Structure formats: C-alpha cells, structure tokens
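For reference, the structure is listed below as structure tokens.
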Amino acid sequence: MKPSRVLRPWQLATCFAVVLVLSGFLWHRVEYRSRLPYHDSFASGKTAEWHAFGGTWSIYDGAIRNDSDERGAKFISGSADADDYSVDADILLLGEDGDAGLIVRSSDDEEGVDSYSGYYVGLRDRNNTLTIGRADHGWIEYQTVSPREPLYALRWYHLRVVAFGCDIAAVASESLSSVRTYVSMHEQPCARAGRFGLRSYSSGGVWKNIVVRKASAKDIAPLLGMAAPPISSGLLQTEAGFDSIMQAQKRATLTVAATPHLPGGTQINSLGSLKTVSPMALSTVTVRGSVILTSPRVYIQDATGDVSIDLAHAPPLKIGDQVEATGILEPHRFSAVIRNASGRLLWQRSPAPPISVTATQAAMGLYDAMFIETEGIVESSNRGSGGESVLLLNSNHQSFRAILHAPSGNDDSNQIAPLSTVRVRGVCVVDQAYTGNLVPFAVLLRSADDLQVIASPPWWDFRNLLLIAVSLPIVAMIAFFVYLQAERWRLHAVLEERLQMAREIHDTLAQGFAAIAIQLESGIDSSRPPNRISDPNFLALQMAVRSRGEAHLSIAALRALHIDAPLGEVLQRVLKQQVEGSGLSLHVTVAGDERRLPVEIEANILRIIQESVANTMQHAKASRIDVRLDYEPDTLHLEVCDDGCGFDPQSVPGADEGHFGITGLYERAARFRASLSIFSDERRTRVSVNVPLPYPKSIQWSYLLAIALRGFNSLFPNRS
C-alpha cells in the first residue's frame with residue numbers, strides 16, 4: 001500500500017495564501033454586488049461615499065449641489081469593479097454657460113475637465129443638445145441630439161444612462177413633459193468597468209434621486225432601438241473648441257422670461273443705504289444684488305454694500321447669480337437682514353472678487369456682510385453643533401472664526417495643523433449666532449477651496465520644542481545603552497581573542513620551545529664536567545627553557561584576564577609563576593576597597609607589573625619584590641619595589657637603540673591617563689603608577705567611563 005503524502009509547511013502556507021486571496025476576491029465581488037441597487041443619502045445630509053474632484057459641492061434641500069463655474073468639476077462614487085449598470089438622476093442646471101450630466105465606468109480620476117477615463121452623458125443648455133462621448137484624459141464626442149423642446153436653466157430634467165457590454169445609451173426628459181431625447185454609442189474595445197459620478201462644465205448644477213441598478217440586455221435594448229449608435233465618433237474636442245461651439249450656438253436667455261416677478265416693495269437702489277435705516281423702521285423693500293454666499297444664509301452685494309436675505313421662496317441659486325428679492329427690512333448695527341423674502345433670478349454672472357482686509361479692519365464692523373479675504377494663524381479647529389467646521393484664527397493679536405458648512409466627506413479643514421498660516425475668503429459677519437460673543441467677527445466660507453494654507457507651522461513652536469526636550473533624553477538614554485552593549489560585545493570579543501591567542505601560543509611557541517629543549521638535552525654529553533657554561537648547546541638549552549617559561553607566563557596572563565577574580569588575586573597567581581625558581585621573595589599587598597576595574601585597565605596594569613618584575617629578575621640582583629595596590633575612591637596607587645642594586649633611569653637606552661622595556665611601561669601608562677615614575681639608587685628601585693579611576697556602581701559603568709577617559713586622552717594627548 002502506497003503511503004499518503006504529507007504536505008510540507010511551505011506548501012501548506014502557499015495553499016492558505018491562495019485560499020485567502022480567492023476568498024477576499026469573492027467577498028469583494030459579493031460585497032460590491034450587495035451595494036446595488038444604490039440610492040443616494042443626500043436627503044439625510046450624508047456624502048461619505050462620494051469623492052470630489054474640483055467644484056464646491058454641498059447639500060441643498062435633499063440634493064447635491066455644485067455652485068462652481070469651473071471647468072470639469074466631478075463627484076465620483078461606486079466601485080471600480082462595477083461593469084453593467086444603469087444610473088438614474090434628476091438634474092437641474094444652474095447656468096447657461098455649459099452642461100451637467102452623469103459619468104459611467106470612470107477610472108483614473110483626477111481634477112480637470114477630461115481628467116478621467118470613462119463615458120459622459122450631459123445636458124447642454126447653451127446649444128440645446130443632449131451629448132454622449134468618451135473621456136480618456138481628452139474628449140471624443142460620439143453623438144449630440146437636440147431635443148424637440150429647448151433646454152432651460154433652473155428646470156428639472158430626468159436623465160437615465162445604461163452601460164451594458166460596449167454599448168452606452170441614455171434618455172433625457174423634462175419632469176413635466178413626455179418628450180424624450182435619446183443618444184447612444186458603441187466602442188470597441190471599450191472600458192468595461194468603473195465608477196459612476198456627477199459632472200458639470202462651466203456652470204453649476206443640482207442632482208437628486210440618484211439610483212444605480214444592475215443592468216441587462218433588456219434594459220439597454222429599448223434605448224438602442226430609439227437611437228442607433230453612430231458608425232464613427234466625432235472629432236476630438238478640446239476645451240477651446242468646446243467654448244467656440246458654445247459661442248457659435250449660443251441662444252437668447254430665457255430664464256428671466258420664465259420667472260414671474262415679485263410683488264412690489266420699496267425699491268432700494270443701493271444696498272449701502274440700508275445701513276442708515278433706523279432700527280425701529282420695519283418696511284417691505286425690494287433689493288437687487290449678486291449672490292456671494294448661499295449657505296447657511298444667502299448674502300448678496302452690489303458696489304455699495306451687502307445684505308443678508310432670509311429667503312422663504314426662491315429658485316436654486318449659485319455664487320455670482322444676479323437676484324431680486326422682496327421682504328421685510330430688519331436693520332442692524334453694521335448691516336441689515338431682509339426677512340421672509342421671496343426672490344427671483346435675473347441672470348447669471350461670474351462671482352465678484354473679495355475685498356482684501358486685515359483682521360483688525362474686519363473687527364471694526366465696517367465690512368459686515370461683505371465678501372472679504374484675510375489671513376490668520378490657526379489656533380484650533382472643531383465641529384459646531386450643526387456639524388459645521390469652525391476654525392479659531394488669530395492675526396496680530398486679533399482672534400476670529402472661519403466657519404464652513406460642507407459635507408463631512410469633502411471637508412479637510414480639521415486636517416490643518418495648528419499654527420498653520422491660512423488665507424480665508426468668505427462673508428464677514430458680526431452676528432453673535434456665528435461669533436458666540438467670543439470673537440468680534442466670523443468669516444463664512446463658501447467651500448473648502450476658500451481655505452488655503454499658505455505656510456506650515458514653524459518647527460520651533462512650543463509643542464515641537466517640548467517634544468524635542470522630552471525626546472532627547474530618551475534618545476540619549478537609548479543611544480547610551482546601545483553603545484554600552486556594543487562595548488560589552490567588543491570587550492567580550494577582545495577577551496575571547498586573548499583566549500584564542502593563549503591557546504595558539506601554548507600549541508605553537510610553548511610546544512616548540514619544549515621540543516627544542518628536549519632535543520638539546522639529548523645532545524649534551526652528560527659525562528662532561530658540571531661547568532658547561534661555555535658549551536653552546538647548554539646555552540641554547542637555557543634560552544629555550546627561558547623562552548618556554550616566558551611563553552607560559554604570557555599564557556597565564558592572557559587567561560587570568562578572562563576569569564572573574566580581583567586584580568590582587570590575579571597578580572598573586574601570575575607573578576608566583578613568573579618568579580618561581582628564581583629565589584626571589586614575592587609579596588603582594590592590597591589596601592583599600594578592592595574592586596573590579598575595566599578589563600583594559602587591568603590588562604595594562606598587569607603588563608606593567610610583569611615587565612617591572614622581569615626587569616628586576618634580569619638586572620637588579622634583588623632578593624625581594626614587593627607589589628602594593630592601594631585603592632582610593634578615584635585613584636589606584638601601584639608600586640613595585642625591590643632591594644636590588646638599582647640603575648640610572650636617565651641613562652637607560654631607549655626604543656631608538658632597540659630597548660623597549662622602559663619605553664613600553666610609559667606607553668602602557670599613557671593609554672589610560674596614568675602617571676608613571678621610576679626611582680632608583682644603589683639600594684633599591686621603585687616603580688610608581690597613579691591610575692585615575694571613576695567611582696562606578698557597576699562594572700558596566702566603569703567600562704563606559706574608562707572608554708570616555710581614553711577618548712579624552714586621544715583628543716588632548718598633551719594635556720597633563
């Protein structure tokens with residue numbers, strides 16, 4: 001029977017990863033499909049699933065509205081994997097300078113007129129056409145059809161777009177009319193999937209009742225039957241070309257004629273004159289002006305002043321519209337409000353530029369209800385009780401607010417860092433409903449585009465300095481422990497290397513000297529008289545024995561530094577082996593609080609003492625050697641004394657003459673900033689060393705301080 005095969009761990013991991021990826025893909029497909037049909041949430045004020053590419057998008061009366069006249073504002077939602085679906089929406093055009101419509105199968109979205117890849121169907125009220133085309137960071141127009149009835153601004157139209165396979169078809173109709181207009185296109189190859197969205201060009205628009213459903217061949221067949229796709233596309237259109245077509249086909253304005261006049265009131269020819277009206281006077285007036293703000297309240301202005309209008313009945317307005325309003329005048333200290341007003345649209349115009357003022361000028365109330373531009377430094381940001389974004393700004397010790405009423409998904413004001421310098425454009429108000437009696441004035445912004453960051457917060461602000469002050473000790477501590485650990489590893493490597501050297505010396509030099517001594521002993525004639533000093537073989541034997549002994553001393557010193565024992569005990573052990581057989585009397589004395597020292601200091605002290613003892617054995621003809629260690633809190637006093645014949649330290653040959661003993665003592669002492677002195681006469685010799693020591697609480701601290709002393713010595717080699 002063939003044994004069953006057991007999967008290896010990497011095979012199990014691969015299978016698990018494949019299953020996980022497939023499960024995620026299937027879940028994504030199922031989760032996307034579960035989102036259809038889609039119904040917009042504009043009536044409840046939610047736009048979190050939408051993403052704006054240009055424009056000034058806001059919720060208005062249960063619909064999404066773009067007041068911007070810019071070219072190519074887009075509002076995109078949905079999944080990039082959506083393939084066959086239909087989009088239904090009610091659309092109202094706010095001006096006569098462009099078009100508004102729906103995007104399907106969009107991808108690679110960016111800001112700009114045709115900066116996306118997908119299909120667009122739109123209503124053009126200037127040249128009275130329903131158009132369909134392909135955008136791929138450029139524009140190819142496939143078909144345009146003129147409705148039997150003219151298209152008007154400020155009227156609701158229903159637009160339905162179906163995308164199935166490589167066919168795109170659409171039908172448009174006015175809400176109160178049964179007349180329908182059809183367009184379609186076929187492209188091969190085509191974009192088969194993408195998101196859906198809203199788009200306007202050169203004029204604003206309003207969209208509501210947006211519904212997205214899965215589509216089939218049955219959904220698109222009736223539309224294709226009413227408008228067959230063209231055989232070939234139109235010419236590649238540019239923005240300049242589109243503008244020229246618009247100008248050539250421009251028709252007369254019909255909006256004013258279609259809008260009824262308001263009941264009469266006292267005609268006010270100058271909005272600036274409203275400031276001089278007595279607060280006690282309540283009368284019905286009629287005013288005209290250009291719209292500078294639509295939310296949360298409508299503000300209009302002319303060349304002389306501004307006024308706030310509480311509109312009870314009015315068509316949808318956008319920034320720049322010229323309107324006429326009639327209502328009850330309510331004068332205030334710096335401006336006026338027209339209550340219970342009814343308004344009508346006269347014509348569309350471009351928005352008026354703001355007046356550039358300082359915060360101090362605005363605080364005086366002279367620019368109340370006027371469209372201004374000013375700068376300030378952000379102190380804080382938060383959300384108001386109505387969901388609006390509120391920025392507290394300061395300019396030249398003058399505080400004020402900037403208030404933005406916008407959908408939460410398109411508001412980036414809360415992401416502005418405190419202490420950033422910003423430029424704001426909006427309507428200046430001194431109403432306590434907006435100032436909260438905490439600041440002298442507030443600026444009501446039209447959209448997030450009216451808030452521009454012109455300078456980031458300075459790096460040296462109090463918060464950053466405090467963060468640096470807190471972080472530096474932590475970083476220094478981490479660096480200290482990392483460096484300390486690295487030094488421990490290095491010292492451990494040094495000790496291991498010394499052990500390795502001890503083993504190598506034992507296995508090579510010591511064994512070689514032993515073999516030489518054995519061979520020389522076998523060659524010496526034992527029958528000769530005892531006086532064999534002149535025998536070369538005997539002299540060579542003595543040199544081999546002595547070299548072998550020195551090799552063993554080196555081995556003992558290297559191994560002694562590796563054991564965890566006090567320096568006095570190490571000296572006793574090593575020096576005893578060194579003087580063994582010489583007839584010398586050795587005495588090692590330790591005074592004070594003996595403690596372990598950094599290994600480099602102990603190594604150099606051991607070498608200094610060994611070299612001093614070796615010199616005594618070779619030249620002093622002494623009978624006694626005294627080694628004394630005297631520990632103090634910050635100094636180690638070291639002395640090596642003998643009772644030999646002495647010498648003149650000044651006349652000893654130096655390194656230039658091939659003698660390195662005394663020179664080596666001074667060099668070793670200089671490594672750890674120790675002071676070495678030699679005193680000698682005809683009765684004794686004394687080598688004194690004063691070793692500066694830290695007062696460590698642990699061996700680790702002494703390692704670090706010893707290294708610091710060595711570094712200081714390298715920086716200032718001539719410092720005494």
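Computed from the coordinates by the stated procedures, all read-outs in this text should not be read as laboratory data. Keep in mind it's a predicted model, so treat the numbers as computed, not measured. No Cβ is skipped: glycine too gets one built from the backbone with ideal geometry, and neighbour counts run over all protein chains shown.
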Q) Which of CYS641, CYS166 comes first, and how do the rest follow, when ranked by fewest Cβ neighbours within 10 Å? A) CYS166, CYS641
Q | Cut-off under 5 Å, modelled amide H: who pairs with THR129 long-range | A | ARG124
Q: State the extension gain, in nm to one decimal, for the chain segment bounded by SER107 and TRP459, taking 0.36 nm per residue of separation less the distance between their alpha-carbons.
A: 122.9 nm
Q: Subtract the Cα-Cα distance of ARG624 and ARG148 from 0.36 nm times their separation in residues, and report this length gain in nm to one decimal.
A: 158.4 nm
Q) Quick one: net charge of GLU187's neighbours, Cβ under 15 Å, K/R +1, D/E -1? A) -2
(Q) Counting each pair of different Cα atoms once, what's the Kirkwood radius of the range 38-248 in Å, rounded to one decimal? (A) 16.7 Å
(Q) How many angstrom lie between the Cα centre of the range 608-677 and the Cα centre of the range 326-360? (A) 100 Å
**Q.** Computed label-point distance, nm, for sites TRP156 and PHE481 using a 7 Å Cα→Cβ extension
**A.** 6.8 nm
Q) Among the aspartates and glutamates, which have Cα under 20 Å from the Cα of LYS621 when same-chain residues fewer than 8 positions away are ignored? A) GLU550, GLU580, GLU611, GLU639, ASP642, ASP643, ASP648, ASP681, GLU682
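By per-residue mean of other Cβ atoms within 10 Å, what is the highest-first order of 316-328, 181-193? Mind dumping the intermediate values first?
Working: 316-328: 21.7, 181-193: 17.2.
The packing order, highest mean first, is 316-328, 181-193.
If we count other beta carbons within 10 Å of each Cβ, what is the order of SER677, SER106, fewest first? Could the numbers behind the result be given before it?
Working: SER677 12, SER106 26.
Ordered by Cβ neighbours within 10 Å, fewest first: SER677, SER106.
Step through the table entries LYS46/LYS208; LYS46/LYS218; LYS74/LYS218, compare each Cα-Cα distance with 21 Å, and write down the pairs that go over it. Please report the intermediate quantities before stating the final value.
Details: LYS46/LYS208 13 Å; LYS46/LYS218 33 Å; LYS74/LYS218 30 Å.
Long pairs (Cα-Cα over 21 Å): LYS46/LYS218; LYS74/LYS218.
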**Q.** Simple label model, 7 Å out from Cα along Cβ direction - GLN572 to GLU632, nm
**A.** 2.5 nm
Q: Please report the relative contact order for the range 56-104, taking Cα pairs under 8 Å with a sequence separation of at least 6, and give it as a percent rounded to a whole number.
A: 21 percent
Q: Starting from the amide H of TYR85, placed 1.01 Å from N in the peptide plane, find each other amide H under 5 Å away whose residue is 5 or more places distant or on another chain.
A: ALA163, ALA215
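Could you work out how much longer the chain between PHE679 and ALA217 gets when fully extended? Use 0.36 nm per residue separation minus the Cα distance between them, nm to one decimal.
155.0 nm
What order, most packed first, do the peptides 613-620, 304-311 have when packing is the mean number of other Cβ atoms within 10 Å of each residue?
Details: 613-620: 18.4, 304-311: 20.9.
Top to bottom by mean Cβ count within 10 Å: 304-311, 613-620.
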Q: Compute the convex hull volume of the Cα atoms of the range 355-455, divide it by the residue count, and report the result per residue in Å³ as a whole number.
A: 87 Å³
(Q) Given contacts defined as C-alpha pairs under 8 Å and at least six residues apart, what's the relative contact order of the range 355-455, whole-number percent? (A) 30 percent
**Q.** Label point distance in nm, ALA433-TYR666, each placed 7 Å from Cα along Cα→Cβ
**A.** 9.5 nm
Q: Averaging sequence separations of C-alpha pairs under 8 Å and six or more residues apart, then dividing by the length of the range 38-248, give the relative contact order as a whole percent.
A: 29 percent
**Q.** Sorted by Cβ neighbour density within 10 Å, fewest at the top, the residues GLU682, GLU330, GLU110, GLU388
**A.** GLU682, GLU110, GLU330, GLU388
